[in-house]
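Below is one structure, written out as structure tokens; comments come after it.
We did not get these values from a lab; they are worked out from the coordinates using the rules stated. Remember, it's a predicted structure, so these values are computed and weren't measured experimentally. Virtual Cβ from ideal backbone geometry, glycine too; neighbours counted across all protein chains shown.
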Amino acid sequence: MSLQYPALIVVVPLLSALVISIAGWVNKRWCFPITVAALAVAAYSSVGLLFRVLDEGVIVYKLGGWDPPMGIAYYVDHLNGLVLAVVSIVALLNAIASKKSIEQEFPEKIGPFYTLYVLMVTGLLGIVVTGDAFNLYVLLEIAALTGYGLIAMGGGRGPLSALNYLYMGTIGACFYLLGVGYLYIMTGSLNMVDIAGILPDLYQSKAVMAAFIICMVGVWIKMAFFPLHAWLPNAYTHAPSASSSLIAPLVTKVMIYVMIRLILTIFTPEFSFNILAVSKPIVWLSVIAIFMGAILALKERNLKKMLTYIIIAEVGYMVGGAWLGNRVGMTGAILHIANDALMTLCVFLAVGNIVYKVKGAEFEDLQGLFRKMPFTMGAFIIGAISMIGVPPTCGFFSKWYLISGAIQAGHYGFMVALLFSSLVNVVLFFRVFEICFYEPFSDHHGHGHDRHPEPMDEAPVTMLVPLFIVAAILVLVGLYTGDIVNHIIEFAIPKGLV
Amino acid sequence: METIISIKPLLAVLVSLLITPILASSRAPNVREAWTFVAAVAKVLIIASMVPAVLKGAEIVYTVAQVVPGVAIKFRVDALGMLFALVSSSLWIVTSAYSIGYMRALKEHSQTRYFVFFALALSATVGVAFSANLLTLYLFYEMLSFATYPLVTHHQDPEARRSGRKYLLYIVGTSIGIVLPAMLICYNMTGTLEFSMQGIFAGTEPKATMVVLLLMLVLGFAKAAIMPLHSWLPAAMVAPTPVSALLHAVAVVKVGAFSVLRVLTGVFGINLLTNLHLGTVVCYIAAFTVITASLIALTQDGLKRRLAFSTIGQLSYIVLGVALLSPKGMIGGMTHIAMHAFGKITLFFCAGAIFVATGKKNISEMVGIGKRMPVTMIAFFIGSLSVIGLPPTGGFFSKWYLVLGTLQADQMPMLLVLLGSSLLNAAYFLPVVYKAFFCTSEESMFQNTIQEAPIWCVAPLVVTAVGSIVLFFYPTLFLNLAKLAIGG
Amino acid sequence: MADLISIIVAKYNYWIYITLMMIGLYAMIAKNNLVKKIVGMNIFQTAIILFYVSIGVKKGATIPILEHGHGGHGHHVVHAADYVNPLPHVLMLTAIVVGVATLGVALALAIRVYNQYNTLEEDEILAQIREE
């Protein structure tokens, strides 16, 4: 059984998509349990796979028994083992939380929603698990196409935002495909490990450099790296809660994974950092991304949209960390993939609960929320604190590695950007907390013992439990940072990178 | 030195953290407050049980998690940490009693929230006291910042929001903007953040770097309220008085001062500071704060604001004493944590009791109040004696050692600063007491009938006032701990 | 100048795909009509498909089917140079499918948008959103 984990991760959600779409016709109530069961199998397999990788090292799984480079092979090493576990757990928790909000937002589309949901997870998991560059493109498009559908389901400005996302997403994927084409011309192979073996003799070739740059631009568009970010805020804001809390934590992070895979595996760090002398400008670009993300977030008066701009800043963190060109920075970037996925999930789930109850995420809607939804807000505080970067939540430790990397690389601009963004996050989140805490002001200032608090009106248990689990994970991952880095990330980065 | 591995430090931190769900879910106020007392007493007992070992010179360590290479989330109980933990945890019991009296008398809203965050804040305070390295200290320092925010802004009115913003801006702004990068630079230079007598630096680093790092770490811990990063403290006085009492006379501000002490003695180390003559730099910054804060205090009419500025000055005594780098000065600085805590908390309790009983906040409205609230005002008198540093109060000892320290370090300007500031202390406290008791009946704003605040308010301030006097006769425990802390 | 011409002539397939790509990109950026943008997107995708197909071409090579493969003894060596490379073509089958799927989703979204705003002109839609 455990030998088949790599296949199960992709095949189970894929087949369940079929089953769910049929179940949607027969009886809508079956959709949710099937989804959860399929994702639970995927999560179980990917966690099991991670432990197997920890024991045995890299696992190669040949689909259909065909040998690479002819057949498609799944490679699972420490890097994607970690990302797989995070993606599948996030997808599972969010699926559980989505039940009530889907029933409220579009009860007639439960079947299609969960079909798209599991297909998207299939795509994301496939991107991470595959060892074939072209296969990655196909899965990329599966994840993207289902994503457009999930976003457009929300109605309102959803379809228009999804269409704009579709234009950009398609360009991004096409760029990636073009880059892979150049690589194929040069190496005659599509298998990542195979390409990596052939490339070193061709490092000086203009075509290889072009391939690298084109691929990079493609994934940057997909991950909304500033200034290629314009599609993201609207798409994520106007998506229904359950979709945005799947897409926001995962899509950008998986694309960061693809970028790191390109840097570390297909092209070696030697090529990416030394032969192509572009690290410095890219880190500066990410500094700009962080600043702009933070500043644009400040002007938003909608909680969800504000969070989307924070995601843009966070993308800057990871791109910058990966391109610092040293081991510590890369560690920070990889760690932040996991941490940021979890904390983004935490805040988006909290927003989902708020939207479920107060029907909006404009700042005016948030008044008195600490009284009304104390549990949701408690978890939201933990997510916010992690985003700010306060120990012992995990956000602090990835920031620790990123800043350490910046100091070791002598790139103080990046350090300042990270600190600036932390401080802006304090302002952003406490501005929200202030509204939830103080407003509406009671008539009698000073000793408000005569205020009439609104009664507590919490989100349903199925939405609260996943939220609490994520909040707890944020702290636990923070405390176990040492183990994660020493046992997983340490092996995910090639020895050559110091 | 003997090292004992024990889970007790972790328990001491967790006991008030784990009580918070019970506090939050208890419906009856009496049950809630009973649990607060249980936690407070348990905390003191756990901490006290470690005292004998510490007095024997042992260290109690417990590692929670190895988070980054070379740095763990780790507790280490040494003499200095024990001194601070003892003071803050024992005063928590008293403050809890006082809180009950104050909050119920004023029918404050959201009392449950208040007690929950109070317990959280105490966890963080003891965590800071027992931290074994800068990272752990930073963790609890930040936890304290966020846990005290809802306490400071308890009234939830526009004024509270303004003060809350200022509080966050100063406290969190400096800790993320200044301390965090300084800590990371130290870590990348040395690979460790563990406090030790010798400091973490090799001593070969360029002096300019050292000066910058020192200033970043001393000023960055803005809870120590060293000028120019002090103005959050008067603003935070919008909080209910028990909060001001425990947090802004004992826990929060002392956490700041304590962090600065740790930076001076544990991160840089006395030897390095002496060799590079960096102590003097800190001395002058602290001395400036002492004098300026005392002068500003003279001009304040709001009693709590006057106490706030007095606190700013007194905190810098602690920093000043240690920055003298002479053994006596350091003992003075460290014991001042305890002595000032007892004195200042008494004063805050009195201010709160006056507010509860009469609704008055300004000193100009308190003429003749001694006739109406004699017990409170006598306690106020004792508290001010302790803060000024006169016998028979504990404050005398710390001042005495500070003065000896300046002589030992041969720092005449600092001696003058100490003496001048003591005069200023007397000038801003004693007139309050004088006007309270000695005024003609025409001047008096109160009737002669005795009408004190509720017993829950008065009893705690009597306890702390008596405590101040007791510390004069039995200062040995704190003196011994301070002596141990500087290495025997 | 002669060099440049020779480069263009020798690699004309690349120049054609680049030109097509730019036309597509231009349409996506500059056009105001959502469907025209979709058309541009499709041209863009097709350009890349053409690029892939063209890289499989070899001069003088034939279709990749073994001449005597069936019923023969298969003992002769297969010369890769004799056949065009089939792999890019196969890949493009997948890419065409993806392209069609994308087109379908895009048109479906465009219909949704049209039903909502009664127009497909982007500036008019934005004006409506601003009015809300």
#### Entry: Selection from A:ILE260, A:TYR184, B:LEU17, by position along the positive dipole direction of the protein assembly as shown (Cβ)
B:LEU17
### Query
When Cβ neighbours within 10 Å are restricted to other protein chains, what is their mean count per residue of peptide C:102-112?
6
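What does the C-alpha gyration tensor say about the overall shape of chain C? Classify as rounded when a/c is under 1.5, otherwise prolate if a/b is larger than b/c, or oblate.
oblate
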### Query
If you count the DSSP beta bridges with both ends in chain B, what percent of them are antiparallel, to the nearest 5?
75
### Summary
FRET efficiency (A:TYR203, A:ALA7; Cβ distance; R0 45 Å; to 0.05) is 0.85
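Provide the percentage of antiparallel DSSP beta bridges, counting only those with both residues in the protein assembly as shown; round to the nearest 5.
80
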### Order of B:THR112, B:THR311 under a 10 Å beta carbon neighbour criterion, fewest first
B:THR112, B:THR311
### Query
So how do B:ASP301, A:ASP55, B:ASP78 line up by other beta-carbon neighbours within 10 Å, fewest first?
A:ASP55, B:ASP301, B:ASP78
### Task
Using only Cα atoms, locate the centre of segment C:10-33 and the centre of segment A:325-377, then give the distance between them in Å, rounded to an integer.
41
### Message
Is the C-alpha gyration tensor of segment A:230-296 telling us rounded, prolate or oblate? Criteria: a/c under 1.5 is rounded; beyond that, a/b larger than b/c is prolate, otherwise oblate.
### Response
oblate
### Summary
Simple spin-label estimate for A:ALA230/B:ILE4, 7 Å along Cα→Cβ, in nm, reads 6.8
### Relative contact order of segment A:52-176, pairs being alpha-carbon contacts under 8 Å that are 6 or more residues apart, as %
20
## Note on the structure
Restricting to Cα pairs under 8 Å and 6 or more apart, the percent relative contact order of segment B:4-156 works out to 29
### Message
Give me the inter-chain shielding for B:134-142: mean count of other chain Cβ atoms within 10 Å, whole number please.
### Response
3
### Message
Output the 0 to 90 degree angle, nearest 10, between the alpha-carbon long axis of helix A:78-105 and the longest principal axis computed from the alpha carbons of chain A.
### Response
30
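How large is Rg over Rh for chain B, taking Rg from the Cα atoms and Rh as the Kirkwood inverse mean of 1/r across Cα pairs? Present the calculation step by step, with values, prior to reporting the outcome.
Numbers: Rg = 21.2 Å, Rh = 22.2 Å.
Rounded to two decimals, Rg/Rh equals 0.95.
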### Task
Describe numerically, in nm with one decimal, the distance between label points set 7 Å from Cα along Cα→Cβ at C:LYS11 and at A:ASN274.
2.8
### Alpha-carbon centroids, segment A:12-64 and segment B:274-349: separation in whole Å
63
#### Entry: 0 to 90° range, to nearest 10: angle between helix B:134-152 axis and chain B longest Cα axis
20
### Task
Evaluate 2.2 N^0.38 Å with N set to the residue count of chain A, then give the Cα radius of gyration divided by it.
0.94
### Query
If you bin every alpha carbon distance in segment A:278-498 into 5 Å steps from zero, what whole percent lands in each bin?
1, 7, 15, 17, 17, 14, 11, 7, 5, 3, 2, 1, 0, 0
### Query
Quick one: Cα centre-to-centre distance for segment A:180-230 and segment B:77-142, in angstrom?
56
### Query
Suppose every K and R has +1 on its Cβ and every D and E has -1 on its Cβ; what is the size of the dipole of segment A:278-498 about the Cα centre, in Debye to the nearest 20?
600
### Query
HN-Hα J couplings of segment B:329-338 from phi, Karplus 6.51/-1.76/1.60, θ = phi - 60°, integer Hz, Gly and Pro as x?
x, 5, 4, x, x, 5, 5, 4, 3, 6
### Query
Taking every residue in A:171-179, how many Cβ atoms of other protein chains lie within 10 Å of its Cβ, on average?
5
### Message
Going by average Cβ density within 10 Å per residue, which order do the peptides A:222-232, C:96-106 take, highest to lowest?
### Response
A:222-232, C:96-106
## Note on the structure
Once the dipole of the protein assembly as shown is set up from charges on Cβ (+1 Lys and Arg, -1 Asp and Glu), the residue from the list B:LEU415, C:TYR14, B:ALA482 lying farthest towards its positive end is B:LEU415
### Query
Which order, highest average first, do A:358-368, A:321-331, B:155-165 follow once you tally other Cβ atoms within 10 Å for each residue and take the mean per peptide?
A:321-331, B:155-165, A:358-368
### Query
Charges only on Cβ, +1 for Lys and Arg, -1 for Asp and Glu: so what's the dipole of the protein assembly as shown about the Cα centre, in debye to the nearest 20?
1720
### Message
For a protection proxy built on the mean count of beta-carbon atoms within 10 angstrom, sort B:402-414, A:86-98, A:482-494 highest first, please.
### Response
A:86-98, B:402-414, A:482-494
#### Entry: Computed over chain B: relative contact order in percent, which uses C-alpha pairs under 8 Å that are six or more apart
15
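Rank these for me by crowding, A:SER189, A:SER241, going from fewest to most other beta carbons within 10 Å.
Placing the least packed residue first, the sequence is A:SER189, A:SER241.
My understanding is that a pair violates if its Cα-Cα distance is over 24 Å; which of B:LYS56/B:LYS223; A:LYS99/A:LYS304; A:LYS304/A:LYS359; A:LYS304/A:LYS357 do that in this structure?
Flagged as over cut-off: B:LYS56/B:LYS223.
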### Summary
Computed on Cα atoms, Rg of the protein assembly as shown relative to 2.2 N^0.38 Å comes out at 1.06
### Task
Report the charge-dipole magnitude of chain B in Debye, nearest 20, computed about the Cα centre from +1 at each Lys and Arg Cβ and -1 at each Asp and Glu Cβ.
560
